[in-house]
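Structure first, commentary second.
Readers should treat all values here as calculations from the given coordinates under stated rules, not as data from a laboratory. All figures in this text were calculated on a predicted structure; none of them were measured in a lab. Neighbour counts run over all protein chains shown; Cβ positions are idealised from the backbone, glycine included.
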Amino acid sequence: MKIYQLSLFLENKAGQLTEPCSLLAEAGINILTLTLADTQQFGILRLIVKEWQKAKSILEEKGHVVNVTEVVAIEVTDRPGGLKEIVDVIDQGGLNIEYMYAFTFGRKNKAVLIFRFEDIDKAIEVLLRNKVNVIGNVDLYEAD
């Protein structure tokens with residue numbers, strides 16, 4: 001139920017996002033979702049792709065430092081209060097969220113939340129025990 005996310009450090013200046021996106025496009029690798037966070041000097045591009053091993057190799061061959069991180073994908077009803085229900089389960093389970101981002105993915109009234117938890121195994125256990133739909137690779141990539 002863990003999903004693999006690639007993280008790249010990019011210099012915080014114009015045009016830095018172009019090369020990784022071009023490399024993946026040329027290789028026929030679709031980016032399912034991504035987030036870009038920045039500081040004054042650099043940014044962290046986090047992305048999820050189906051062929052993460054291939055993407056990692058391609059990016060590293062061109063000099064990018066790529067970190068692989070395990071994250072959890074959770075399906076949530078895309079409506080007011082959907083996120084609150086998940087956050088309540090997380091809070092009651094004593095889980096620490098390092099970061100998260102979200103996207104919609106073509107399933108009627110559903111969105112996906114991507115979480116990086118301090119303790120991913122405990123998080124999956126708590127979520128499943130509370131009947132939260134934790135999405136595995138197959139379900140997540142079906143929308144691809």
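Selection of strands (runs of 3 or more DSSP E) fully inside the range 1-118 by the criterion of at least 2 residues being buried (at least 17 other Cβ atoms within 10 Å of the Cβ), of a type in the set (S, T, N, Q) and out of contact with any Ser or Thr (no Cβ under 8 Å at 6 or more places or on another chain) returns 31-38.
Somewhere in the range 75-95, is a residue on the phi > 0 side of the Ramachandran plot, of a type outside the set (Phe, Trp, Tyr) and without any contact (Cβ under 8 Å) to a residue 40 or more places away in the chain?
Within the range 75-95, the subset on the phi > 0 side of the Ramachandran plot is 81, 94.
In the following step, the residues that additionally are of a type outside the set (Phe, Trp, Tyr) were identified as 81, 94.
Adding the requirement that they be without any contact (Cβ under 8 Å) to a residue 40 or more places away in the chain leaves 81, 94.
Checked against the condition, which is being on the phi > 0 side of the Ramachandran plot, of a type outside the set (Phe, Trp, Tyr) and without any contact (Cβ under 8 Å) to a residue 40 or more places away in the chain, the range 75-95 yields at least one hit.
One line per residue, one yes/no per condition, for (1) farther than 16 Å from Lys122 by Cα; (2) of a type in the set (Gly, Ala, Ser); (3) under 15 Å from the mean Cα position of the chain (by Cα):
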{"site": "Gly43", "(1), (2), (3)": "yes, yes, no"}
{"site": "Ala55", "(1), (2), (3)": "yes, yes, yes"}
{"site": "Asn67", "(1), (2), (3)": "yes, no, yes"}
{"site": "Glu75", "(1), (2), (3)": "yes, no, yes"}
{"site": "Asp78", "(1), (2), (3)": "yes, no, no"}
{"site": "Asp91", "(1), (2), (3)": "no, no, no"}
{"site": "Glu98", "(1), (2), (3)": "no, no, yes"}
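The set of residues from the range 96-136 being on the phi < 0 side of the Ramachandran plot and of a type in the set (Gly, Ala, Ser) comprises Ala102, Ala111, Ala123, Gly136.
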